[in-house]
Amino acid sequence: SCSLCHFSTALTDLHVNHKVDVSFVTKFGGTYNGTTAPGDGYSTCSNSYCHSSGVSVSSGTVPNNTSVSWGTAGPLACNSCHGNATYGADYRKAAPLYASGAPKGNAHASHIRTGALSGVYMQCFNCHAATTRDNTSIVDTTLHVNKAYNVAPIYGAFSSAFRDGDNTTNSTKVTLTYSYNASGSSCSNVSCHPIGLNITTTPPTPKTRATSSIKWNKSGICIDCHNIDMQSTSTFHHAMRNYSAGYPLLSPYSSAANGINVYSRRCTMCHVDHGIFSNDLNSSNSMGRAANLRTDIAVTPTASSGYSNKDYIKSGNGGICISCHNTAKAKDSTRRKNDYPANVTPAITQAQYSGSGHQYDVPARFMSDGSTVYGNCSKCHNALLNETSVFMNATSTYQFGNHNSGIRRLQGTLDAAGGETAEEQICFRCHSLISDADPGGGPPKAVANKDFYGIAPMSLASQDIFEANLDFRPANPTYSTTSKLYFKPVAAESPTEAMPNQHNTGDTFAGGTWIGRAMSPWETTTAYETKSQDTELAGTNYWRMVSFISPKVYSTTTVPAGNWVINIYCREASTYQNAKIRYMVYKWNDPADSIGATIIATGTNTTELATTSAPGSVRQIAVNVPATTLNAGEKIVIDLILDTSSTVTTDYIGSFYFGSHAPSNLTLPGNVNWSYADPGAAGFGHRTQHYSGIHLPSTRNETLDYISRNRHVECVDCHNPHATRNGLHGDYGIATGGSTTTLVNSNKNWVPNQWVGDFINIISGTGAGQTATISSNTATTITVPTWTAPASGSVYRITTNTNAVSRSQRGVPGASVSYSGAWTNGTYSLVNEATYEYEICFKCHAATNATSNTLRYWNVTSASLGAARWTNIGLEFNPNNASYHPVVQALPATGNRRLSTAALTGGWAPGEVMSCSDCHGRDTGTSATAQGPHGSTVKWMLTGTYQNWPFTSATANGTAAGGTLLTGTGTTTVPASNFCFNCHTWAAGGFGHTKSSGGHNKACVNCHIRVPHGGKVPRLLTGPNAPPRYKPDGNGGAFSGYYLTSAVLPATGYMLATSVSCSNICGAKHTDNTLKANYW
């Protein structure tokens, strides 16, 4: 109105007085710079609120300003009063970009795109709809220059849309509530921001959209918008001291409350802030929002350097992950779930990982700007438990992050249904075939001959690891012992009474039909069942779905404290459905047919369902449960409900899947005996599936003493995933072709020239019986000097004749050994990286600890086990023994200890060494089978062309009376094939094998010890005082007729009659049966 600028004219003596009287009301202030004489021309105003930046509403002081001259044609541009010097061509020039705190809080700089205006970006009208609808003109002058901050995203019928902060796939109507405060204003209910974490509750809980608030300045912290509790003692994560900003330059370790470099424990020890990674705010960032990772803990990020879209960088210190984890560090136990005794992280070095076969990038896309992030470390270590916000592609089966997890070591699920420990399961997700049934607890991978992500090429042999490690266990018709209950489709199994007939969560349902299904041990091969539900209501609604009922508990068991993990494959039709899983776990009394104690209270998992095609993606609900006693006869019930919070009334479908190719399940932190028959699984092997949560990743924790007291085996006990390479120290296969100088196997992917100097032996087929030295090799072709050309179908074996670790065993801890004296156990020490393969085997198969004695503690040497007892291989391979296989070192060159060249076959020569896996490995040796001692249908995992010892049939291995013992002929005729003939010739035994007189047609174990690793008598000979496990039946007896009692090596050649003493004088030989130098 006129009075605002001509306040003094209200006095009549200052009106119609031939003067231009300008006088501003106190509210707006200012001074007119012109004269009062009419016709003197227009002038300007100084220091008026009307032409200021508006900060005086908060500060109380109008900043110095000068208006344009009165009479200047309008309307004026917005930046004539408030603006900046950064932009000059578009609406951004009017943005008040003064520094926050000078004089008032200001966050406009965080909402203005700095680069080219393209795609989706924040604009003035998104928040100031009452003021402008086009960023440059005023829509309501009463709400402008009114000494108020008008912040409103909706004005009348006008509103705008922007990305949903919790799901950037979708745009949603902008909402916010602005709260003015002179000391610091704030915004809440901001649709563009993710929902934050409320740390005022115990434990912290997710805020709601309405209660999520952030200050209008630069003091915001990460949890204002990110609902990730990095201080929870119920989950595994990097433990945070706080969530403040700033870039620490030292990696923390020990306690998150008062440990070393504790101030580094903040989100920005791994991430860069929005001002760097957001391409809205940093025009120097050409990689997009995906570039939110630091490159190195010791490098301070700037607008142009120190940040990346990769978690691993092959140069320098290896990227943010390895720059911290290159040394072992004590873990925090105060602000994360304590997984004692694993209280130290393993050391992962750039030297190891840079050449690892697992070092490769997997791309994923940010939905907001389409930028690409590369998961290298995080393709295996992927922790996104309960995250509400979805920033990466919702239609992909994977997004990457290292935040919060119910799984130790922050290991990812790779879309598998697992428990608190993801050990061999994560390996099987890649090392399996697309034809395998739910390898590692998840649907088969999608792309043949590639890894789980469809990125890295894989050989057929490397994909056979899952099949080679199939579970081996005896059948039990009465009960099953397991920690995992699979949700079964009705076509496979139905639950039995007693059982509930409805959900018992206490919820009010908007609709849906309840069904009851069985959950029980062991996976099913029946195709998955789908339980779907239409949802068409806006707001928060609950929909009936399914309850899963277990068999009765067979015997009372206390499940240890730990995470109970519900795994359910699921999907929603659209991200607008906002569907989540609601759950409850409780006991059911049988036969009372009544609800029992609650195990897990009703709750809703905060992570939205995926939109991937059926059977969707697994959602893991990990809940930390104290030690829980399950009484015999009780059942467990899981209620699973659909929870939707859609903003629209469109009809969408949410679905749960369970059965083959969607192995949904409940995984407990300990085994329980269930009244459910165990069908068993035939075979022999390391049985990694039978151990969970025992292996410790750091050698500071997993000492030889710990191993001796805690029996277990996992893939990582023999392979270091951060250091392993492609390549073995031997190989089997079936040729696909060949020539007079080559053998071709097009199914292989060898490392070029990895076999140079090694031997290749044609076992069967065209060219059988030949052995040649390898001069070179490519990925698929072996070259030799000359031979009879092999053909397609020829079976071959490559022998490296080394005891060093193979490429696939690099970086694995081992037990080194030193000896003093014959037939004595060694002295062992743990080494961080084994040099020799036997050092890896000795960790478990040698009595490495004098106090606890690994083998006795593991109960594998009990006399009750008979011929299945383990023996101490560290003792047996002692190179001071009278005889031994050359595993630790070669046989001496003197003293007639070595066998002659004629005594060896299969590419072996005197003076060479061997590895444990030359004898123990897979039962088949083709191009498509994994080698090494993973698993086998043959007892003791004997490998090679011949797999039977000491019986004529391999099926009798490991028994005391398993059939006909292998028997010598007493002639030059070679006896029936046996395991020893893989490397040894029959004639090498001299007269001991071929002499017809004297009854030499005895069982082999009548003369040689049954466990032929090493012994106290030359040439692995036996005697009446040999330990029970070394005698013919493996259990203390079964000598047939005459037997040897002692021996001494002759100066040269094979054993003579005068070299041994027998229990009887045989004809004209063995006349001197006195006790010789070597005996048992």
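The values are calculated or read from the model by the stated rules, or taken from the named source; none is laboratory data. Bear in mind that the values here come from a model prediction, so they are computed numbers and not experimental data. Positions of Cβ are backbone-derived with ideal geometry, glycine not excepted, and every protein chain shown enters the neighbour counts.
Tabulated values for the structure
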| read-out | value |
| --- | --- |
| The stretch 853-877: number of residues that are touching a Leu at 6+ places or on another chain (Cβ under 9 Å), over 17 Å from Cys916 (Cα atoms), hydroxyl-bearing (Ser, Thr, Tyr) and in a loop (DSSP other than H, G, I, E, B) | 1 |
| Those residues of the stretch 758-772 which are polar (S, T, N, Q) and within 11 Å of Ile798 (Cβ to Cβ), in sequence order | Asn761, Thr771 |
| The stretch 108-119, subset touching a residue at least 24 places away in the same chain (Cβ under 8 Å) and buried (at least 17 other Cβ atoms within 10 Å of the Cβ), residue nearest to Ser59 (Cα to Cα) | Ala109 |
| Which numbered condition Ser179 fails, given (1) in contact with an Asp or Glu (Cβ under 8 Å, 6 or more places away or on another chain); (2) farther than 22 Å from Asn393 by Cα | (1) |
| Count of residues meeting criterion [over 23 Å from Met499 (Cβ atoms), of a type outside the set (A, V, I, L, M) and in a strand (DSSP E or B)] in the stretch 571-594 | 3 |
| Top-ranked residue in the stretch 234-254 [being touching a residue at least 40 places away in the same chain (Cβ under 8 Å) and surrounded by fewer than 15 Cβ atoms within 10 Å (Cβ to Cβ); ranked as farthest from Lys337 (Cα to Cα)] | Leu249 |
| Which listed residue is surrounded by fewer than 16 Cβ atoms within 10 Å (Cβ to Cβ) and in contact with a Leu (Cβ under 9 Å, 6 or more places away or on another chain), from Thr824, Thr783, Thr800 | Thr824 |
| Residue satisfying all of: in the stretch 689-710; surrounded by fewer than 18 Cβ atoms within 10 Å (Cβ to Cβ) and within 21 Å of Asn469 (Cβ to Cβ); farthest from the chain's Cα centre (by Cα) among these | Asn710 |
| Qualifying positions in the stretch 297-313 - in a loop (DSSP other than H, G, I, E, B) and either over 22 Å from the mean Cα position of the chain (by Cα) or at pLDDT below 95 (or both) | Ile297, Ala298, Val299, Thr300, Pro301, Thr302, Ala303, Ser304, Ser305, Gly306 |
| Among (1) on the phi < 0 side of the Ramachandran plot; (2) at pLDDT 85 or above; (3) not assigned by TED's automatic domain parsing to the domain that holds Thr136; (4) not hydroxyl-bearing (Ser, Thr, Tyr) - the single one Gly30 does not satisfy | (1) |
| Checklist (1) surrounded by fewer than 17 Cβ atoms within 10 Å (Cβ to Cβ); (2) at negative phi; (3) assigned to a loop (DSSP other than H, G, I, E, B) applied to Thr505, failing item | (1) |
| Complete set of residues in the stretch 514-551 that are over 33 Å from the mean Cα position of the chain (by Cα) and not in a strand (DSSP E or B) | Glu536, Leu537, Ala538 |
| Residue check, Ile653 at pLDDT 95 or above, surrounded by fewer than 21 Cβ atoms within 10 Å (Cβ to Cβ) and in contact with a helix residue (DSSP H, G or I) (Cβ under 9 Å, 6 or more places away or on another chain) | yes |
| Among the candidates Gly105, Gly165, residue that is of a type outside the set (Asp, Glu) and at pLDDT below 90 | Gly165 |
| Residue list for the stretch 878-905, filter: in contact with a helix residue (DSSP H, G or I) (Cβ under 6 Å, 6 or more places away or on another chain) and either of a type outside the set (A, V, I, L, M, F, W, C) or not in a loop (DSSP other than H, G, I, E, B) (or both) | Ser883, Ala903 |
| Out of Ile566, Ile581, sole residue that is within 30 Å of Ser171 (Cβ to Cβ) and modelled with pLDDT of 95 or more | Ile581 |
| Criterion: touching a strand residue (DSSP E or B) at 6+ places or on another chain (Cβ under 7 Å), surrounded by fewer than 21 Cβ atoms within 10 Å (Cβ to Cβ) and part of a strand (DSSP E or B) - qualifying residue of Ala632, Ala614, Ala597, Ala622 | Ala597 |
| Top-ranked residue in the stretch 697-712 [being assigned to a loop (DSSP other than H, G, I, E, B) and of a type in the set (Lys, Arg); ranked as farthest from Gly811 (Cα to Cα)] | Arg711 |
| The stretch 1-55, residues that are more than 30 Å from Cys78 (Cβ to Cβ) and among the basic types (Lys, Arg) | Lys19 |
